[in-house]
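In what follows, a single structure is set out as structure tokens and then discussed.
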Amino acid sequence: DDDSDPMLLYKLGEAVEKVVTDYEGDESVFVEANERIQTHLRGAARRAEVAERRQVEAARGKEKLEAAKQLANRSIDELCASEAPPKFVQTLLRKAWADVLTLTLLRQGELSDEWQQRLQATRRISQITRLPPGGAPDIAFGEQIEDALLQVGYHRDEAGAIARRLSRADDDAEGPS
């Protein structure tokens, strides 16, 4: 009972009703009723195939997303282990910048120039944020970071604040979150 198709039951009821009311010795009534039921069954089979295909595609998408997240996080972890940027910067890298790396991997792939540019930007973030404070900020680099954060859905104000923290040396890098 749980697996019954209410539309199929409806179509069967219609077919029975049509045969009962219209049959007067002409077998074409049975053929027509059967064709209506078969048409419904073919449509249901197509819908089931489409639903199955969508589920398979969704599972593949989830797998790709998880693999991209793991590679992005591993890249950030390796950088943080080798170059040790300030703790606050490490947190921003692991939270906000990881989304940028993940999206780049999903859209462009691991062998793309864009991925290499993002990795290079990640290393540059580490280098810049470890410099002594007081140097001139690299405004163009900050804008690149902000644009990347905007692409993954950060609000402009939030992306700007994160970009400022990731694109310059700061004597208060361990400070407020």
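The values are calculated or read from the model by the stated rules, or taken from the named source; none is laboratory data. Worth saying up front: this structure is predicted, and the values here are computed from it rather than measured. Using ideal geometry, Cβ is built from the backbone for each residue, glycine included, and neighbour counts are taken over all protein chains shown. The area values use the complete protein model at the heavy-atom level, side chains included, leaving out ligands, DNA and RNA. Shrake-Rupley method; radii C 1.70, N 1.55, O 1.52, S 1.80 Å.
Let's see how each residue does on (1) exposed (fewer than 14 other Cβ atoms within 10 Å of the Cβ); (2) modelled with pLDDT of 85 or more:
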{"residue": "122", "(1), (2)": "no, yes"}
{"residue": "132", "(1), (2)": "yes, no"}
{"residue": "141", "(1), (2)": "no, yes"}
{"residue": "156", "(1), (2)": "yes, yes"}
{"residue": "162", "(1), (2)": "no, yes"}
- Message: Checking residue 137 against (1) under 20 Å from residue 161 (Cβ atoms); (2) loosely packed, with under 12 Cβ neighbours inside 10 Å: exactly one of these is not met. Which one?
- Response: (2)
- When you look at residue 39, is it within 30 Å of residue 163 (Cβ to Cβ), of a type in the set (S, T, N, Q) and at pLDDT below 95, yes or no? no
- Over segment 94-113, the set of residues open to solvent by 80 Å² or more (accessible area, probe 1.4 Å) and charged (D, E, K, R) is 94, 95, 107, 110, 113
- Task: List every residue pair whose Cβ atoms lie under 8 Å apart, where the two residues are 6 or more positions apart in sequence or sit on different chains, the first residue falls within segment 26-53 and is touching a residue at least 24 places away in the same chain (Cβ under 8 Å) and under 20 Å from residue 13 (Cα atoms), and the second residue, located anywhere, is in a helix (DSSP H, G or I) and not hydrophobic (A, V, I, L, M, F, W, C).
- Result: 36/11; 36/14; 37/11; 40/11
- Could you figure out which of (1) open to solvent by 100 Å² or more (accessible area, probe 1.4 Å); (2) touching a helix residue (DSSP H, G or I) at 6+ places or on another chain (Cβ under 9 Å); (3) farther than 22 Å from residue 4 by Cα; (4) not small (Gly, Ala, Ser) isn't true of residue 19? (1)
- Query: Here are 72, 96, 68: which of them is closer than 30 Å to residue 165 by Cα and in contact (Cβ under 8 Å) with a residue 40 or more places away in the chain?
  - Reply: 96
- Item | Wholly enclosed helices (runs of 4 or more DSSP H) of segment 1-120 bearing at least 3 residues aliphatic (A, V, I, L, M) | 6-22, 28-83, 98-108
